1. Can you give the extra length, in nm with one decimal, that the chain gains between ASP163 and GLU196 once fully stretched, where that is 0.36 nm per residue apart less the Cα-Cα distance?
2. What dipole magnitude, in Debye to the nearest 20, does the chain give about its Cα centre under +1 on Lys/Arg Cβ and -1 on Asp/Glu Cβ?
3. Could you tell me, in Å, what Rg and Dmax come out for the Cα atoms of the stretch 143-192?
4. Give me the lysines in straight-line cross-link reach of LYS225: C-alpha distance below 16 Å, same-chain residues under 8 apart excluded.
5. Can you tell me how the stretch 102-194 classifies by the Cα gyration tensor, rounded, prolate or oblate, using a/c under 1.5 as the rounded cut?
6. So how do SER84, SER159 line up by other beta-carbon neighbours within 10 Å, fewest first?
7. Over the Cα atoms of the stretch 2-244, Rg to Rh with Kirkwood Rh, two decimal places?
8. Which loop GluC sites (Glu not before Pro) in the stretch 1-86, with loop taken from DSSP, have no more than 11 other Cβ atoms within 10 angstrom of their Cβ?
Amino acid sequence: MKLIILAAGQGTRLRPLTDNIPKCMVPVNGKPILKIQLETAERVGISDINVVCGYLEEAIAYPNITKHINDRYETTNMVESLFSAEKVMDDDVIIAYGDIIYQDDVLSSLIASEAPISVIVDLEWRNYWEARMDNPLEDAESLKMNDDGTIKELGKKASSFDDVEAQYTGLIKFSKGIMQKIREFYHSLDRSQLYEGRSFDQMYMTTFLQLLSTEVSPLVAVPIKNGWIEVDEPSDLDHVNFYERDSK
């Protein structure tokens with residue numbers, strides 16, 4: 001089992017907190033996000049930890065991690081960062097964004113999933129989003145599920161709350177058995193094509209996951225009820241309680 005943390009971005013919406021440190025080093029209750037992630041991984045038994053760096057990568061200097069560099073972090077998005085660590089994608093892999101923290105049981109539930117591709121989704125996202133912003137639909141992405149628990153749509157602009165049965169959290173698991181197909185599919189994509197209106201380099205991770213769901217393997221939802229937070233803007237630090245509360 002390996003963990004890949006995607007932490008190459010500039011975190012412009014977190015400025016001035018990210019003027020001199022990368023986003024993953026912003027402190028939550030006095031401790032950097034990345035340090036919290038590393039401690040969580042250790043508690044659930046993950047020791048092979050890989051961090052994809054870019055912006056101010058020299059500030060990331062924890063022992064017992066393997067750093068991978070996305071040299072094009074200024075012009076690329078999460079998918080490119082993920083495949084900057086492709087050489088270690090040869091086992092069960094947990095993928096986490098560098099700006100989220102989550103309780104141990106959230107990560108453990110993802111580890112326990114035996115599906116080829118698993119995605120953590122928050123069923124009680126709305127109370128969290130309503131605490132963060134006046135109009136949750138301005139930021140919420142669509143996520144619709146089939147009766148069998150697979151995801152049929154995610155990452156699109158939500159026009160109503162009916163479009164959001166749960167919220168994508170940025171926590172994904174690719175199983176070892178499907179990894180070669182995922183890598184081959186990534187390399188087969190047309191670099192000149194637009195993906196949901198964006199260039200290949202700027203493709204959203206949710207777009208890539210949606211493509212995988214139709215071309216490689218269904219996405220299996222692993223549901224949670226809060227127990228995580230995203231630190232995207234300074235005001236997000238006011239809502240740590242959604243990470244700290246017990247998952248039900």
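1. Gain on extension, ASP163 to GLU196, equals 10.1 nm.
2. Working: 25 positive and 42 negative charges, 82 e Å.
Dipole magnitude for the chain comes out near 400 debye.
3. In Å, with Rg to one decimal and Dmax whole: 14.2, 37.
4. LYS248
5. Here the stretch 102-194 falls in the oblate category.
6. In order of increasing Cβ crowding within 10 Å: SER159, SER84.
7. That ratio equals 0.93.
8. Details: sites: GLU39, GLU42, GLU57, GLU58, GLU74, GLU80, GLU86; in loops: GLU74.
Sparse-neighbourhood loop GluC sites (Glu not before Pro): GLU74.
Read the figures in this text as sums done on the coordinates, not as results from a lab. None of the values given here were measured: they were computed from a predicted structure. With ideal geometry, Cβ positions are generated from the backbone for all residues, glycine too; neighbour counts draw on all protein chains shown.
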